[in-house]
Amino acid sequence: MGTIQLRNVKKQFEKDVVIENLNLDIEDGSFTVLVGPSGCGKSTTLRMITGLDDPTSGEIFIDGQKVNDLTPGKRDIAMVFQNYALYPTMTVRQNIEFGLENKKVPKEERARRVKEICEIVGLTDYLDRKPSKLSGGQRQRVALARAMVKQPKVFLMDEPLSNLDAKLRGQMRVELIGLHKKLGTTFVYVTHDQVEAMSMADTIVLMKDGYIVQQSSPRELYENPNCVYAAQFIGTPQMNILKDVLPEGKMVGFRPEKLSLKPVEEEHITIKASVTTKEMLGSEIIYSLESKYGSLMAKSEHEVDDDAKLELSVPFSSMYLFGSDEKRIALDEEAKALIRKAFA
């Protein structure tokens, strides 16, 4: 079992409170991603789970056991960081089995585990090479294998793919998803990259300023964000949010792909806009638009002229309504009437 609970956790560096009162539950066997901008507290949270940082107050449990006073080595976890921290003078085999040697694991058992793990991560042909003779992706696999060979309850990863190029990051994301399915172990992964979070996680923990904004599945976070911050953090380009259009500070939002360049049959509003720029992305085109309500972004399969004047359609079924406090509110019939009037 690899459940993790944080209860009323606070982290303060001198006078700087990074995390005020964090409560978090991570299920056994889940692939949980902590995501948010730099400084939101995600890496600090991970470091407290690992034992590299102590909480100022609060309690941390792994598999039901309080671990506040346990060293990282006694928490039955394995860590993979942005810096792979491989020993340059050791071969791949030596790097992977180093931790097992320290734990006095018998030689035969070490050899069995190394062989098994290297077959999983595709390192069998590289066991006698030094890290300097490996590609970035291969070094990442060594770091993963070194963690996996310990057979921990929990894998903790802090921005492990950030040093790789875009193509290799995509490949490693697929491999990590496959590894998680094979191992069935709890993965806790930290990133600032929403694409990594959306593509890999079964649970996303979106953070801001040391607190959790929303914890849900990727689909739920995308389709049902609970506030403007969540709505705009997930999705590329980010959700259009129109302010100063509705009374009482309310805001209406819709995703760029829901802004139709053609009339739609369902109930909708119409927005007149002109194209300012467009980006060709193969099967899709990203449009920057200017309207009397401000700048907008649209994503569409349809191509129009660079300086086209458009009448865009936004179905009510694709709209989100937020209050003046930026929290999501229900889009009821009264709200729809306000929107119709504002965009008439």
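Values quoted throughout were computed directly from the atomic coordinates according to the rules given, and no laboratory measurement underlies them. Nothing here was measured: the structure is a model prediction, and the numbers come from that model. Counting neighbours? That spans all protein chains shown, and the Cβs are built from the backbone with ideal geometry, glycine included.
Across the chain, the relative contact order, built from alpha-carbon pairs under 8 Å that are at least six residues apart, equals 16 percent.
Projecting the Cα positions of S291, T191, A231 onto the charge dipole of the chain (unit charges on Cβ atoms of Lys, Arg, Asp and Glu, taken about the Cα centre) puts T191 furthest along the positive direction. For the range 243-255, the Karplus equation 6.51 cos²θ - 1.76 cosθ + 1.60, evaluated at θ = phi - 60°, returns couplings of 9, 6, 10, 9, x, 6, x, 5, 10, 10, x, 7, 7 Hz by residue, with Gly and Pro reported as x.
What percent antiparallel are the DSSP beta bridges of the chain, to the nearest 5? Bridges in the chain that DSSP calls antiparallel: roughly 75 percent.
Per-residue Karplus couplings for the range 4-17, computed as 6.51 cos²θ - 1.76 cosθ + 1.60 with θ equal to phi - 60°, are listed in order as 10, 10, 10, 10, 6, 7, 10, 9, 10, 9, 6, 9, 8, 8 Hz, Gly and Pro entered as x. Ranked for footprinting exposure by Cβ neighbours inside 10 Å, fewest first, L331, L156 give L331, L156.
Charged side chains reduced to their Cβ positions (Lys and Arg at +1, Asp and Glu at -1) give the range 237-342 a dipole of some 280 debye around its Cα centre. 3J(HN,Hα) couplings calculated from phi for the range 28-36 with the Karplus curve 6.51 cos²θ - 1.76 cosθ + 1.60 (θ = phi - 60°) are, in sequence order, 4, x, 7, 10, 9, 10, 8, 10, x Hz; Gly and Pro show x. Within the straight-line cut-off of under 21 Å between alpha carbons, the lysines reachable from K181 are K115, K150, K153, sequence neighbours fewer than 8 places apart in one chain being disregarded. Over the residues of the chain, the helix contribution to mean residue ellipticity at 222 nm works out to -8500 deg cm²/dmol, using -39500 (n - 2.57) for each DSSP H run of at least 4. Within the listed set K66, K107, K258, the residue fluctuating most in the Gaussian network model of the chain (springs between alpha-carbon atoms under 10 angstrom) is K107.
Between F31 and F187, D202, T203, the built amide H atoms are under 5 Å apart, and every one of these is 5 or more places off in sequence or on another chain. For the range 260-337, trypsin sites (Lys or Arg not before Pro) are listed when DSSP marks them as loop and at most 13 other Cβ atoms sit within 10 Å of their Cβ; the list is K292. Close amide-amide hydrogen proximity is noted between Q214 and L206, each under 5 Å apart and 5 or more residues distant or on a separate chain (H modeled in the peptide plane; Pro and chain starts excluded).
Close amide H partners of I329, meaning residues 5 or more places away or on another chain with modelled amide H under 5 Å apart, are L321, F322, G323. With respect to the cross-link table entries K11/K66; K243/K272; K42/K299; K272/K341, which display a Cα-Cα separation exceeding 22 Å? The pairs that break the limit, which is 22 Å between Cα atoms, are K42/K299.
Counted by Cβ distance under 15 Å from D325, the other residues give a net charge of +3, where Lys and Arg count +1 and Asp and Glu count -1.
For K130, the shell of other residues with beta-carbons less than 13 Å away shows a net charge of +3, using +1 for Lys and Arg and -1 for Asp and Glu.
Once the Cα atoms are used to define both axes, helix 166-183 deviates from the longest principal axis of the chain by about 60 degrees. Residue order for D305, D28, fewest other beta carbons within 10 angstrom first, comes to D305, D28.
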